[in-house]
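K.L.:
Got a structure here, written out as structure tokens. Questions coming.
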Protein chains: 2
Amino acid sequence: MASEIIETTPSGENSVGIVETQFATLFEPPHELVTSGGKTLGPITVAYETYGELSPEKDNAIFICHALTGDAHAAGIHSDEDTKPGWWDDFVGPGKGLDTDRHFVICANVLGGCQGTTGPSSIDPVTGERYCLSFPVVTVGDIVEVHYALARHLGVEKLLAAVGGSLGGFQVLEWAARYPDSINAAVVLASAANLSAQGIAFNTVGRRAILADPNFHDGKYHEHAEGPRYGLSLARMLAHITYLSEDSIEQKFGRRLQHSDKLAYDLLRETEFQIESYLHYQGKRFVERFDANSYLYLTKAMDYFHLEDKYGSIAKAFRNTDIRFLVVSYSTDWLFPTSQSREIVGALIETGKHVTCTEYDAPFGHDSFLIDLEPLSRLLHPFLEQAQHLRSSGEKTTSRNKK
Amino acid sequence: MASEIIETTPSGENSVGIVETQFATLFEPPHELVTSGGKTLGPITVAYETYGELSPEKDNAIFICHALTGDAHAAGIHSDEDTKPGWWDDFVGPGKGLDTDRHFVICANVLGGCQGTTGPSSIDPVTGERYCLSFPVVTVGDIVEVHYALARHLGVEKLLAAVGGSLGGFQVLEWAARYPDSINAAVVLASAANLSAQGIAFNTVGRRAILADPNFHDGKYHEHAEGPRYGLSLARMLAHITYLSEDSIEQKFGRRLQHSDKLAYDLLRETEFQIESYLHYQGKRFVERFDANSYLYLTKAMDYFHLEDKYGSIAKAFRNTDIRFLVVSYSTDWLFPTSQSREIVGALIETGKHVTCTEYDAPFGHDSFLIDLEPLSRLLHPFLEQAQHLRSSGEKTTSRNKK
């Protein structure tokens, strides 16, 4: 995910309750994944969670594609003592935006990540040591390939929907382009058909911070007492600024001081303003839960994503599909501005595809897709209902045609 | 300055020609500067340049206040062999925006800087060693105090105008508030009455990059073989993104690759996209010309600037002045957006002050004030003419009143 939800409701009556992360082993030799860069990778462990029940018709599955630093734990808690529910718990559960009373919801950690799915910190079975930088560069396409395999492994031939924000939206778009018959509806939140040059620029600086940290040790920091925590926290501090709107920073922190009502005139007091203290805290927390190598790989996957380069045009990427698209942007998101959503919508309309789009007037910047969930839920319920209805009738049509 | 002008015309016929940086020693004990933080500092060396001639009436002086990483060398060249004219050479010279045929133009390196004026890398006369982090924290007010002393040292009691962009604009505003009778006209470009919380956030990350660099050595890196060049270049790379508009990055670099037309699938190729290569180059060049401690001090001075905190309100800051203001913003500047200029203009209008304002539709983001100089020049000529005319008639009135 772009960043943690700052406040989240504790899991209560409308929670999916206690959930367990599960693991699947896919792409076992000799059926390894061939990455976009031409390397082979396998076996691949995938960490995933599911919420709700798969219908006998297997027609109610929704796949959540998480953003840059998310994980498989989208909803619920891991034990009775667990006080921190999954990252999208406000959106996934009984009666929520993704309604687990009706849908079978799957969320998997991405390939290259560090929360259970095979990534650079995993053990390479060939060497018995961590991959580190010998892990192949992966693309959004490679990530989707693993998601697709997992869905089939779970018995789902065709998803009711794939849903994702930011890098998760990239995955949804790529999935729709790559396997047009495997999804009924695609929900793309705060995303784009490619990362902007400005986005690449910010990622470049974040990666530089990690690579220049003397504790990076060419990616083999696990063998040392300390990893590149300065670099990784710096990358996170920077990225975090891009997830917030200028207005939300202004309103939440403004120029308020952290410890005093007087300026310190002390250059080494790094957390004088509240916004400074907040960013340092975010950086510090991030280092505790994320792997620096994964950050390098996944930001690179974002940089590489470009539907037009790959398929000739956005329209061509979706020429073979009757997927129904929902494209959502947020007015204060300057990292993935509405203009980028419009580009997708324009291409879909031009080629006569089904597309619904909206821009929410939310104040939280790019993070809005993690926070501003009420209006999205209201929109999503009828959208998914229609997709499911059309799916049923569509299948009948297909059956008739087959006769 | 925010960043270098990427291309600049070589000094030719309309150049001020060969110029020499001069030095003045001010605030000699026992008349030291007392900084905003309550420390004393002196003597203070000021590096400055002047272009054009001071009129016998001493009524044609214009003071240029430079931005974060600028210097005293605004125009001309330092020798016949010098191929790199001053940072605002397109704007300062015969017939240019600041017309040296008519005006006596002064530009001085700021207090705390590293281009000749006393700063953290200067020798502390008490210890015989560099100040480094024992240098007092300086504010925009302290910087202006030194500028003001220099103007008087040069025989100028009242400036025709003070002109500056970004941090330079802060100085112009502070000067106008602090010494309202010492300026006729104030020209504030791409600036604000305070740095935004988002601006503080970016500065925080930049400072963190320097402070976390193991070669920072508590600011005493001069005693070591290598300084915090990774940290300083990282800070610059990040800041540089904020000086450009998203559109200008997109148009100038887009997703073009630097060395190939194929993706490298190589995580360690840090300059794969042109935008990456450009940022790395900017970072590297910056380290060659700028001091890390100065970067810490001057960004902190930016963070601390807040007219309202200091004077009660923007309107109160200017209650005692009849200075004529020109406030200019640029449509694609997201670091100092037009809304911040409007705040200044609104306060000035409310209190019946003379203010002219405009937003230029320039594509270059915050850097526009260094690049988009033609329309600004056309606006500035009549504005300065009027200020000079009113000054003359104002002086006559004063004379009459005295009779």
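Please treat every number below as a calculation from the coordinates, not as lab data. Keep in mind it's a predicted model, so treat the numbers as computed, not measured. Neighbour counts run over all protein chains shown; Cβ positions are idealised from the backbone, glycine included.
K.L.:
Dividing the convex hull volume of the alpha carbon atoms of the range B:77-192 by its residue count, what do you get in Å³ per residue?
P.N.:
Details: hull volume 17.0 nm³, N = 116.
Each residue corresponds to 147 Å³ of Cα convex hull volume.
K.L.:
Pick from A:366, A:306, A:222: which is most flexible by mean-square fluctuation in a GNM of chain A where alpha carbon atoms under 10 Å apart are linked?
P.N.:
Maximum among the listed residues: A:222.
K.L.:
How much of the calculated P(r) for the range A:305-398 lies past 22 Å, in percent of all Cα pairs?
P.N.:
Working: 1720 of 4371 pairs.
Counting pairs separated by more than 22 Å, the tail of P(r) holds 39 percent.
K.L.:
Taking N as the number of residues in the range A:198-276, what is its alpha-carbon radius of gyration divided by 2.2 N^0.38 Å?
P.N.:
Compactness ratio reported: 1.37.
K.L.:
Over chain A, with a Gaussian network built from C-alpha contacts below 10 Å, which listed residue (A:354, A:153, A:224) shows the highest mean-square fluctuation?
P.N.:
Residue with maximal mean-square fluctuation among A:354, A:153, A:224: A:224.
K.L.:
What FRET efficiency comes out for the pair residue A:223/residue A:14, r = Cβ-Cβ distance, R0 = 51 Å, nearest 0.05? The partial results should precede the final answer.
P.N.:
Details: r = 45 Å, r/R0 = 0.89.
So, using R0 = 51 Å, E works out to roughly 0.65.
K.L.:
Here's another thing I want to ask about it. Of the candidates B:86, B:70, B:128, which one comes out as most mobile in a Gaussian network treatment of chain B with C-alpha springs shorter than 10 Å?
P.N.:
B:128
K.L.:
Please tell me which of these pairs span more than 28 angstrom C-alpha to C-alpha: A:84/A:310; A:310/B:284; A:262/A:284? Don't skip to the answer; put the middle values down first.
P.N.:
Numbers: A:84/A:310 39 Å; A:310/B:284 33 Å; A:262/A:284 26 Å.
Violating the 28 Å limit, Cα to Cα: A:84/A:310; A:310/B:284.
K.L.:
Quick one: of the DSSP bridges fully inside the protein assembly as shown, what percent are antiparallel, nearest 5?
P.N.:
35 percent
K.L.:
Let me ask you something else. Could you tell me how many degrees, from 0 to 90 and to the nearest 10, lie between the Cα long axis of helix A:373-402 and the main elongation axis, the longest principal axis, of the Cα atoms of chain A?
P.N.:
The answer is roughly 30 degrees.
K.L.:
Label position 7 Å from Cα toward Cβ: report the copy-to-copy distances for residue A:247 in nm, one decimal, ordered from shortest.
P.N.:
In nanometres, ordered from closest: 2.1.
K.L.:
Also: Could you line up B:19, A:34 from fewest to most neighbouring Cβ atoms inside 10 Å?
P.N.:
A:34, B:19
K.L.:
Work out the P(r) tail for the protein assembly as shown: percent of alpha carbon pairs separated by more than 52 Å, whole number.
P.N.:
The answer is 22 percent, as a whole percent.
K.L.:
Then there is this: Kindly put A:319, B:207 in sequence by how many other C-beta atoms sit within 10 Å of each C-beta, fewest to most.
P.N.:
A:319, B:207
K.L.:
Please determine, in degrees from 0 to 90 and to the nearest 10, the orientation of helix A:197-211 with respect to the longest principal axis defined by the Cα atoms of chain A, where the helix direction is its Cα long axis.
P.N.:
It works out to around 50 degrees.
K.L.:
Over all residues in B:19-27, what is the mean tally of Cβ atoms on other chains that come within 10 Å of each residue's Cβ?
P.N.:
Rounded to a whole number, the mean comes out at 0.
K.L.:
Efficiency by 1/(1 + (r/R0)^6): what FRET value for residue A:381 and residue B:350, r their Cβ-Cβ distance, R0 = 51 Å, to the nearest 0.05?
P.N.:
Between residue A:381 and residue B:350 the formula returns 0.55.
K.L.:
Right, another one. To one decimal in nm, how far is residue B:95 from the same spot in the other copies, if labels go 7 Å from Cα toward Cβ? Please give the shortest first.
P.N.:
7.7
K.L.:
Per the helix-only calculation at 222 nm, which mean residue ellipticity applies to chain B, given -39500 (n - 2.57) for every DSSP H run of n ≥ 4 and division by its residues, nearest 500 deg cm²/dmol?
P.N.:
Details: 12 runs with 147 residues, N = 403.
About -11500 deg cm²/dmol.
K.L.:
Relative to the longest principal axis of the C-alpha atoms of chain A, give the angle of the C-alpha long axis of helix A:292-304, reported between 0 and 90° and rounded to the nearest 10°.
P.N.:
Compared with the principal axis, the helix lies near 50 degrees.
K.L.:
Hey, another quick one. Kirkwood Rh over Cα pairs of the range B:22-402 into Stokes-Einstein at 20 °C, 1.002 mPa s: D in µm²/s?
P.N.:
Rounded, D is 99 µm²/s.
K.L.:
Continuing with the same structure: Where the eigenvalues come from the Cα gyration tensor of the range B:129-248, what are the semi-axes √(5λ) of the equivalent ellipsoid, largest first, in whole Å?
P.N.:
Rounded to whole Å, the semi-axes are 32, 21, 11.
K.L.:
Provide a whole-number value for the mean count of partner chain Cβ atoms within 10 Å of the Cβ atoms in peptide A:202-214.
P.N.:
Details: counts 4, 2, 13, 15, 2, 4, 11, 9, 0, 4, 8, 4, 4.
That average works out to 6.
K.L.:
Continuing with the same structure: Quick one: order A:107, A:357 by neighbouring beta-carbon count within 10 Å, fewest to most.
P.N.:
A:357, A:107
K.L.:
Suppose you put the label 7 Å out from Cα in the Cβ direction; list, shortest first and in nm with one decimal, how far residue B:313 is from each other copy's label.
P.N.:
Ordered by increasing distance: 5.6 nm.
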